[in-house]
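Remarks on the structure that follows.
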Amino acid sequence: SVWGYDSDNGPDHWHENYPMAKGDKQSPIEINSKDVQHDSSLGPWHASYDPGAAKTILNNGRTCRVVFDDTFDRSVLRGGPLTGAYRLRQLHLHWGSSDDHGSEHVIDGVKYAAELHMVHWNPKHGNFAGALKQPDGVAVVGIFLKVSGKYSRILQGIDNIKTKGKEAPFQHFDPSILFPKSRDYWTYHGSFTTPPCEECITWILLREPIEVSSDQMAKLRSLSKNGENEPVNPLVDNWRPPQPVKGRVVRSSFK
Ligand SMILES: C[C@@H](NC(=O)c1ccc(Cl)c(S(N)(=O)=O)c1)c1ccccc1O
Ligand SMILES: [Zn+2]
């Protein structure tokens, strides 16, 4: 059966079809500040995104995803732990059924309501499929979402992609508006948090969460896993729980 987040096809079953899921460098992980090592050589990261690169927003029954034109160095991430410029390919989210959980990474025991992932790949590996096979192939910026009274539009296009398979134009969108004020981050080497669970990711997790309103979270939770004329199956709890750290060191750009 196709992988998902239910009891019969969820994270504990993924290794049956994707053996990497039981690897030594899996994501997400729990980050404990006492084990983090500050690395003064970690410089700031820089994103230079072209709003014109945004193409569409879609619901693939597993997450809500915005895709970008990554046929050339149009929207790139560089600096921080990275060597060279990584191309922005897509962004998506993981969220819970209530505000007290939903993020994939857990920070000092804190689970956020959602976690936004901006997926970039290293063009020196030719294409995304090739980059998946390389330890320095992919870089993901992870941003935590915290629910507060403050109103902010995370992804305005959610209304038109209620059910699985729905796709809508999503243009003139600069994802940099999603970044918090502080650029402080943790970084470690890990994997996709979804199948195929390839261990090709340099994770850059931003310390400062962004704030969204509870009605924005409710809109996210109003997405459905099912297709248009199928029984309603809410798309919630599409997060993988923390995986074994197995001796990896998490470094921070801040003291
Ligand atoms: C749910 C969706 N996963 C991604 O799009 C995805 C892609 C790259 C990364 Cl790096 C990540 S992550 N979470 O590690 O940042 C997630 C998905 C995965 C596989 C097949 C279909 C499908 O829809
Ligand atoms: Zn993700």
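Read-outs throughout are calculated quantities, based only on the coordinates presented, and are distinct from any laboratory measurement. For clarity, every value in this text was computed on a predicted model and none was experimentally measured. A quick note on method: Cβ atoms are made from the backbone with ideal geometry, for glycine too, and the neighbour counts reach across all protein chains shown.
Report the Rg/Rh value for the chain, based on alpha-carbon coordinates and the Kirkwood definition of Rh. My calculation of the ratio gives 0.93.
Antiparallel as a % of all DSSP beta bridges within the chain, to the nearest 5? Among the beta bridges of the chain, antiparallel pairing accounts for roughly 80 percent. Only Cα sites of the range 24-75 enter the Debye sum here, all with the same form factor; the resulting log10 I(q)/I(0) across q = 0.16, 0.24, 0.25 1/Å is -0.87, -0.95, -0.97, listed in q order. Work out which chymotrypsin sites (Phe, Trp or Tyr not before Pro) in the chain are exposed loop sites (DSSP not H, G, I, E or B, at most 15 other Cβ within 10 Å) and give the longest gap free of them. Maximal segment without exposed cleavage sites: 152-253.
Summarising the amide proton neighbourhood of Ser75: residues at separation of 5 or more, or on other chains, whose placed amide H is nearer than 5 Å comprise Asp50, Leu88. According to the Kirkwood relation over distinct C-alpha pairs, the hydrodynamic radius of the range 1-136 is 17.3 Å.
Checking every one of the trypsin sites (Lys or Arg not before Pro) in the range 98-149 against DSSP loop status and a limit of 11 other Cβ atoms within 10 Å picks out Lys133.
The charge dipole of the range 124-255, taken about its Cα centre with unit charges on the Cβ atoms of Lys, Arg (+1), Asp and Glu (-1) only, comes to about 420 debye.
For the chain, the mean residue ellipticity at 222 nm estimated from helices alone is -1000 deg cm²/dmol, where every DSSP H run of n ≥ 4 contributes -39500 (n - 2.57) and the total is divided by all residues, rounded to the nearest 500.
Mean sequence separation of contacting Cα pairs (under 8 Å, at least six apart), scaled by the length of the chain, corresponds to a relative contact order of 28 percent.
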